[in-house]
Amino acid sequence: MRYTSPPNQQSYYEQVWQLVRQVPYGKVVTYGQIAQLLPPPIDVELAAYKALSPRWVGDAMAACPKDVPWQRVINAQGQISERSGAQRQRQLLEEEGIIFVKDKVDLKQYQWQGPGHADEPRQATLF
DNA sequence: CGCTTGACCGGAA
DNA sequence: ATTCCGGCCAAGC
């Protein structure tokens, strides 16, 4: 497996945590989504950033402070990333009203749209 | 000092 | 649908 780290790891991690703190109850975000919402650090090529940043976010979550709703961060497949503690994460999300189907959540329904964006449940089907 | 081991993702095969 | 690959680091034994 390949790895990298952001130039200023501590600073990057704090930006990640700050963003995750804004995720509302009952919503989820993906690692890649958080990475996308953050500005690429200077000295990091855009292509490299796109390829590596989701894992930086994962690294940040592995070290996140207690006041961060870490359970609301899942992977781009709508699943909880494999590790010890995954079961606890699922439990917390289910307590927030999130439904799992075949170990996956419906991102269309639960994914947070980002800061400054109203997160009303969209009326999808209307015919 | 030298391994080993990671909360990822999108595109290609 | 499923598997494979590139990206090319750093903290903990």
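Here, each number is a calculation from the coordinates, and none is a lab measurement. As the structure is a prediction and not an experimental result, all values here were calculated from the model. Counting neighbours? That spans all protein chains shown, and the Cβs are built from the backbone with ideal geometry, glycine included.
Note down the magnitude of the dipole of the range A:9-110 about its Cα centre, charges +1 on Lys and Arg C-beta and -1 on Asp and Glu C-beta and zero elsewhere, to the nearest 20 debye. Kindly include the intermediate steps, with their values, before the conclusion.
Details: 12 positive and 11 negative charges, 47 e Å.
The dipole magnitude comes to about 220 debye.
In the range A:1-72, which chymotrypsin sites (Phe, Trp or Tyr not before Pro) fall in coil by DSSP and have 12 or fewer other Cβ atoms within 10 Å? Let's see the in-between values first.
Values: sites: A:3, A:12, A:13, A:17, A:25, A:31, A:49, A:56, A:70; in loops: A:3, A:25.
The qualifying sites are A:3, A:25.
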Fluctuation leader among A:115, A:69, A:54 - chain A, Gaussian network, Cα springs under 10 angstrom: A:115
Neighbour-count ranking [beta-carbon atoms within 10 angstrom, fewest first] of A:90, A:21: A:21, A:90
Dipole axis of chain A (+1 Lys, Arg; -1 Asp, Glu on Cβ), positive-most option in A:84, A:19, A:109: A:84
Simple spin-label estimate for residue A:76 and residue A:51 in nanometres, 7 Å along Cα-Cβ: 1.4
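Beyond 27 Å, how much of the Cα-Cα pair distribution for chain A remains, as a whole percent?
Details: 1523 of 8001 pairs.
More than 27 Å apart: 19 percent of the Cα pairs in chain A.
Which of A:84, A:5 has the fewest other C-beta atoms within 10 Å, and how do the rest follow up to the most?
Values: A:84 6, A:5 12.
Result, fewest neighbours first: A:84, A:5.
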Chain A - mean residue ellipticity at 222 nm from DSSP helices (-39,500 (n - 2.57) per run, n ≥ 4, rounded to 500): -11500 deg cm²/dmol
Other-chain or far-sequence residues with amide H under 5 Å of residue A:28's (modelled H): A:111, A:112
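At a Förster radius of 30 Å, what calculated FRET efficiency corresponds to the Cβ-Cβ distance of residue A:37 and residue A:67, to the nearest 0.05?
Working: r = 19 Å, r/R0 = 0.64.
Once the sixth-power term is evaluated, E becomes 0.95.
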Highest-fluctuation residue, A:60, A:76, A:47 considered, GNM on chain A with Cα pairs under 10 Å: A:47
Partners for residue A:104 among lysines (Cα-Cα distance below 21 Å; same-chain residues under 8 apart left out): A:27
